[in-house]
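The values are calculated or read from the model by the stated rules, or taken from the named source; none is laboratory data. Fair warning: this is a prediction, and the values are worked out from it, not measured in the lab. All Cβ positions, glycine included, derive from the backbone under ideal geometry; neighbour counts span all protein chains shown. For accessibility, only protein heavy atoms count, side chains too; no ligands or nucleic acids. Shrake-Rupley method; radii C 1.70, N 1.55, O 1.52, S 1.80 Å.
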Amino acid sequence: MAIIAIQDLTKRFGPKSASRPAVDGFSLTVEPGEIFGLLGPNGAGKSTLIKMLTTLLPATSGQATIAGCDIGRQPMGVQRRIGYVPQALSVDGTLTGYENLLILAKLYGVPRRQRLDRIGAVLQYVGLESVAHRLVNTYSGGMIRRLEMAQATLHRPPVLFLDEPTVGLDPVARKAMWDLILQLRHDYGTTVFLTTHFMEEADVLCDRIAMLYHGQQVAIGTPAALKATVPHPETTPGASPETTMDDVFIHYTRNALTTETEGGYRDTSTTRRTAKRLG
Amino acid sequence: MTRQPHAAPLNDWANGTRVTAPIADFAAKALVAAELEVRKLRHDPIQLFTRAVQPVLWLTIFGQVFTQVRGIPTGGLSYMDFMTPGILAQSVLFMSIFTGLLVIWEKDLGILHKLMVSPAPKSALVLGKAIGAGVRCLSQLLIVYIVAALLGVGLSWRPLDILGVATVVMLGAALFSTFSLIVACWAQTHERVMGVGQLMMMPLFFASNAIYPIDIMPGWLQVVSRLNPLTYMVDALRNLMLVEPAGSYSLGLSMSILIGVSALLIAFCGRLYPRLVR
Ligand SMILES: Nc1ncnc2c1ncn2[C@@H]1O[C@H](COP(=O)(O)OP(=O)(O)OP(=O)(O)O)[C@@H](O)[C@H]1O
Ligand SMILES: [Mg+2]
């Protein structure tokens, strides 16, 4: 049975007449253990979709179930079954890494007897034991991301939502994050639903990919299948002769620049903030 | 990076996570949310005492001058004794009315989203914040007691009375900080939360019995004062802080009003709270 089932999910900010929906009739099923990638230009609606699936935003219409729980009717059930790493920062810089985990373990009701073991285990899993008692302010961007992963997996959720998990990371930290995601799937069969702007990341990491454009799903399939749908790019001298995910992305979203109308400032301000969030 | 698999299987959510006792669960989650606030304070305790100036100035300057003037009828009480509970209530009010700013700050950073997707009742998160504000305000209690003792105010040092004062301070802080959180849920920005805080704090303070008795006010102001929760906070403090209890209402009535209003505000704020991250 599908662990994520989304049907006709729509989110509209503001009145019906005023705007086109941020997410427009999105449907999808994801199987247990799958790593699923959501791609799309800035403002396509990726974060909005994830916020609906994680119960932060109420859907305007449509429905979705996560691990059997309906996002509208059983929000607590969903909350217990998911881990979420938002696009923006989600750990408290004024606490230590250990304290961040301790508070979350308590909020998620991890039994007292298991708490310390569990925190020790996740800290080791993400390689942060040695800095656990330092204030998070002093962490590097990669360390913060790994702490956020630790926080999101502390209660051992079967589904993990990662909104741009590698934004702002250097190549080494990014590679470490990929390994961590694959390791989680390998060890626990965790289903991962992620968004990214890095085509290579989608290619390497994801079993399947969906392209979102103006809130609508414009393509879906395995990386290989998506590449096969794109007409071969005219070979410029020196360019790789194979179709890449970049070509796929450009093919499906090439109207983006000409039809970009609204939401520019908001998008830019959040993107910039994201880019420097780890600074 | 070394990796050891977790000891137990990942998917242990299916067993044993059902909430069997909702009230116990609510209380436990609220205490965790409060612990979060207290831990933050522990890393930065200095902030507690940066707000000390205001009550000290009111007590030493305003209080001393008006004691000389003898212009305000306070019954048998010296004016210093009369105003000290009022000044404690004032500093609690001024400190907690800006709690909404903290939560907007956390929203803008994104930290709040993490708490909002956890399976905790949202009103428990609000109660946690309110308790945090209460703990913060206990620092004001310490400052006011020290200054008042130095100025010779007739403070009661019975442990039970002091415990009662601490309780009233926590209740008042919870009430006004939750009010501020509600404003934050509507207003969504620093500027507006700041603005509403500024707009409310002086009227709340002056339309109360904090520095003069209600009897000497014009009729309409008396009505406003009797609807103002700060009045009942000050009155409860007058019953508890001084050697000679000097409240005009019974302690039970004042406490019931403070508890009742706080509970209503917290429940209401719990419903609004998810708006902050939308
Ligand atoms: N709270 C909000 N109120 C109004 N409009 C919003 C809100 N949040 C998002 N939007 C709009 O919804 C659209 C989708 O935004 P969203 O953040 O989901 O995009 P995204 O695909 O995550 O972009 P990015 O790649 O930049 O993170 C944008 O046009 C944005 O301006
Ligand atoms: Mg986004």
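Brief remarks follow.
- Principal-axis analysis of the Cα atoms of chain A puts helix A:112-125 at an angle of about 50° to the longest axis.
- Model label sites at residue B:272 and residue A:204, defined 7 Å from Cα along the beta-carbon direction, differ in position by 4.7 nm.
- Measure of compaction for chain B (Cα Rg per 2.2 N^0.38 Å): 1.12
- Whichever aspartates and glutamates have a C-alpha closer than 12 Å to that of residue A:106, once near sequence neighbours (fewer than 8 apart) are set aside: B:25, B:35
- Local net charge near residue B:278, Cβ-Cβ under 11 Å (Lys/Arg +1, Asp/Glu -1): +4
- Rounded to the nearest 20 debye, the dipole magnitude of the protein assembly as shown is 860 debye, with +1 charges on Lys and Arg beta carbons, -1 on Asp and Glu beta carbons, and the Cα centre as origin.
- Placing R0 at 35 angstrom, the Cβ-Cβ distance between residue B:31 and residue A:140 gives a FRET efficiency of 0.60 after rounding to 0.05.
- Total lysine pairs in chain B at Cα distances under 13 Å, for residues eight or more apart or on different chains: 4.
- The slack in the chain from residue B:51 to residue B:194, taken as 0.36 nm per residue of separation less the alpha-carbon distance, amounts to 49.8 nm.
- Over chain B: helical MRE at 222 nm, DSSP H runs n ≥ 4 each giving -39500 (n - 2.57), nearest 500: -22000 deg cm²/dmol
- Helix A:171-188 axis versus longest C-alpha principal axis of chain A: approximately 70°, rounded to the nearest ten.
- Size of the B/A contact, given as accessible area buried on both chains, probe 1.4 Å, in Å²: 4300 Å²
- Net lengthening on full extension, residue B:23/residue B:150 (0.36 nm per residue, minus Cα-Cα): 41.3 nm
- If R0 is 51 Å, the Cβ-Cβ spacing of residue B:108 and residue A:8 corresponds to a FRET efficiency of close to 0.95.
- Within the accessible area of the protein assembly as shown (1.4 Å probe), percent carbon and sulfur: 61 percent
- Point-charge dipole on Cβ atoms (K/R +1, D/E -1) for chain B, about Cα centre, debye to 20: 720 debye
- Here is what passes the span test in chain B: the DSSP H helices with alpha carbon length of 24 Å or more along the helix axis and a Kyte-Doolittle mean of -0.5 or above are B:22-43, B:79-96, B:122-150, B:159-187, B:190-206, B:251-272.
- Using alpha carbons only, the radius of gyration of the protein assembly as shown set against its Kirkwood radius gives Rg/Rh = 1.06.
- Taking the helices alone, chain A has a mean residue ellipticity at 222 nm of -11500 deg cm²/dmol, built from -39,500 (n - 2.57) per DSSP H run of at least 4 residues and averaged over all its residues.
- Taking 22 Å as the straight-line reach from the Cα of residue A:175, the lysines in range (excluding those fewer than 8 positions away in the same chain) are A:276.
- Only protein heavy atoms count here; on that basis, with a 1.4 Å probe, residue A:170 has an accessible area of about 80 Å².
- For segment A:1-109, applying the loop criterion from DSSP together with a ceiling of 15 other beta carbons within 10 Å to the trypsin sites (Lys or Arg not before Pro) yields A:16, A:73.
- Taking θ as phi - 60° and the Karplus parameters 6.51, -1.76 and 1.60, the scalar couplings of segment A:193-200 work out to 10, 10, 10, 7, 10, 9, 5, 5 Hz in sequence order, x denoting glycine and proline.
- Axis angle, to the nearest 10 degrees, between helix A:141-153 and the longest C-alpha principal axis of chain A: 80 degrees.
- Cut-off under 5 Å, modelled amide H: who pairs with residue A:72 long-range: A:64
- For residue B:254, net neighbour charge (Lys/Arg +1, Asp/Glu -1) across residues whose Cβ lies under 10 Å away: 0
- Summing charges over neighbours of residue B:269, with a neighbour being any other residue whose Cβ is under 13 Å away from its Cβ, gives +4 when K and R count +1 and D and E count -1.
- Projecting label points 7 angstrom from Cα along Cα→Cβ for residue B:226 and residue B:68 puts them 3.7 nm apart.
- Summary value for chain B: 26 percent relative contact order, contacts being C-alpha pairs under 8 angstrom separated by 6+ residues.
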